[in-house]
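I have placed the structure first, in the form of structure tokens, so that the comments after it can refer back to it.
The values are calculated or read from the model by the stated rules, or taken from the named source; none is laboratory data. All values reported here derive from a predicted model rather than from experimental measurement. Virtual Cβ from ideal backbone geometry, glycine too; neighbours counted across all protein chains shown.
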Amino acid sequence: MTRTRRLEPGDLPSLAEMVADFGAQHPSATQDRSLGTLEDATLGARAVLNVVVAERGARLVGFVAWAPIFDLFWSNRGGRVDWLYVRPPARGHGVALQLVARAAADIRSGGGVFLMGTYGRALASEYESVVDGQVDQQEGWLTGDRFQGIASRADARVRDLVRLVRSSSASVP
């Protein structure tokens, strides 16, 4: 069983390992990423990212990193997800959806009403099954009833989250 939770200091080495794996094909692959810098950015007094991790047993199997944002036109708080990663052996089991649900719950607990995510074309079908819309096929939003429905079910079983996403209405009961 996989559970999601906020990042803790003891998780930093595993997070750094996943970031390195995630970025292995990125131009920054050889970039030095110290644990101190990662800790400062995620858990420090001036943290700029919120991180949710997924754990199966004693092993972290994925993470999502998001930052708070504010939409000036709609005058609403929300969160922007730019990094979502699941280790290859854990893929295909709903871990990404669980991470998005937990991030939405955390965003909502801070007064947010939407989640905006960016993604690459390779992941388009997975993201587009969850988000409400996209611009240039690389940004999507989780808003309104779908946001509230997913945020309110962050602790639900994967099967129930998948049913919620596939349903025509993800409103809160």
Extreme residue, surrounded by the fewest Cβ atoms within 10 Å (Cβ to Cβ), among residues of the range 75-113 that are more than 22 Å from D160 (Cα to Cα) and within 10 Å of the chain's Cα centre (by Cα): D82
When both residues are 6+ apart or on different chains and their Cβ atoms are under 9 Å apart, which pairs have a first residue that lies in the range 2-29 and is within 11 Å of L60 (Cα to Cα), and a second that is of a type in the set (V, I, T) and part of a helix (DSSP H, G or I)? T2/V95; T2/V158; T4/V95; L7/T42; L12/T42; L15/T42
For the structure I just gave you, tell me whether V61 is under 20 Å from R159 (Cβ atoms), part of a strand (DSSP E or B) and under 15 Å from the mean Cα position of the chain (by Cα). yes
For V48, are the conditions met, namely being touching a Leu at 6+ places or on another chain (Cβ under 6 Å) and either at pLDDT 95 or above or in a loop (DSSP other than H, G, I, E, B) (or both)? no
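If you scan the range 1-40, which residues turn out to be part of a loop (DSSP other than H, G, I, E, B), within 20 Å of the chain's Cα centre (by Cα) and of a type in the set (A, V, I, L, M)? Full working, then the answer.
So the first thing to find is which residues in the range 1-40 are part of a loop (DSSP other than H, G, I, E, B), and the list is 1, 7-8, 23-34.
The next check asks that each one be within 20 Å of the chain's Cα centre (by Cα); those that pass are 1, 7-8, 23-24, 26.
Matches in the range 1-40: M1, L7, A24.
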